[in-house]
Amino acid sequence: MPLGWLPKARKLLVASVFWVALIACVLVLQRHFSEISELFARLGYSGLLAIAALLATSWGALVEAWRRIVLLYTGMPLSFARSARHLSLLLLGKYLPGGIWGFTARLADTPAEQQISRLVVAGAFEQWIGLSTLALLASLAWSDFSTGYPFLLLLPAVPYVAVAGWHVLSTVLAHLRGWLRWGALERVSLGAIPHRRLVGPAILTALHQISQLAMVALLSKAGLGMAWVDALLVASLYGVATTVGILVVVVPGGIVVREGVFVALAASVLPGDRALAFAALVRLVLAGFDLGSACVAALLGWRERVAQTSDAS
């Protein structure tokens, strides 16, 4: 049976998720324009430039990490522009009900020569390494700034511990594979890639998390007028709250859970109302990051198509 319609349907899915979610993201920012304007005024030009640099570092690290992960698990290179588009689909997908559209659109945007099952495993590793590096970094920072003991000296070990955790998970699932009789696990082994080769993407992912936490600390310092020690403590607490929000999978994007946990944890340095307002403010900044990621991805995709057209002619 001919399936000539399938590539067109995949392109339509990718385009629909991208543009509908992009509009949803813009509407979120538009509703809170006054709060964003006040934040910009408090930060000043130097603060805005610093936050932009941190978010750009975060974005670049994520895009490059995904490129490397896909290459490791599929054996096929992914262009930087397509990797950026995959990231934008993932980030924008959370603005649509259901929570799966970003992942679905990213799979639909996969080149035909790459196996979907291998890309699913690559995505599983990406999610694991993102969650584990965030949990480890936030926990170390919280322990350091709340106790005064230099737990952050353990920072270089974070990517290696995260990869070791993936190794443990792979081993457990390998033992369960026969019992589960899940076809995808029969064809693709989570532990097929030597773990030393996974350290590179883990380091890039840790760089992304550090940049995001540093952005939160800068917002605390400039936006709330806190001392650096307290601002760094607030950033670590936000990281812990984000980890909890991700783990509560029944709530899309960790909404409410993240804010509730943050308010409870930050009670010693921020009153409840200020903590809640600050958490909402960080959400808005990250929504701006999502929007910016989508715009850059669209620009890179356009440049890639122009270059391919020029080469073809």
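The values are calculated or read from the model by the stated rules, or taken from the named source; none is laboratory data. Here the structure is a predicted model, which means the values were calculated and not measured. With ideal geometry, Cβ positions are generated from the backbone for all residues, glycine too; neighbour counts draw on all protein chains shown.
Brief remarks follow.
- For the stretch 163-209, taking the residues that are at pLDDT below 90 and among the basic types (Lys, Arg), the one that is nearest to Trp66 (Cα to Cα) is identified as Arg196.
- Scanning the stretch 248-270 for residues that are part of a loop (DSSP other than H, G, I, E, B), at pLDDT 85 or above and loosely packed, with under 15 Cβ neighbours inside 10 Å gives no hits.
- Qualifying residue in the stretch 253-264 (condition: touching a residue at least 60 places away in the same chain (Cβ under 8 Å) and either of a type outside the set (A, V, I, L, M) or more than 23 Å from Leu90 (Cβ to Cβ) (or both)): yes
- Of all residues making up the stretch 211-248, the number that are under 21 Å from Ile129 (Cα atoms) and not hydroxyl-bearing (Ser, Thr, Tyr): 15
- Candidates Ala214, Ala241 - the one that is at pLDDT 80 or above, buried (at least 16 other Cβ atoms within 10 Å of the Cβ) and closer than 15 Å to Phe145 by Cα: Ala214
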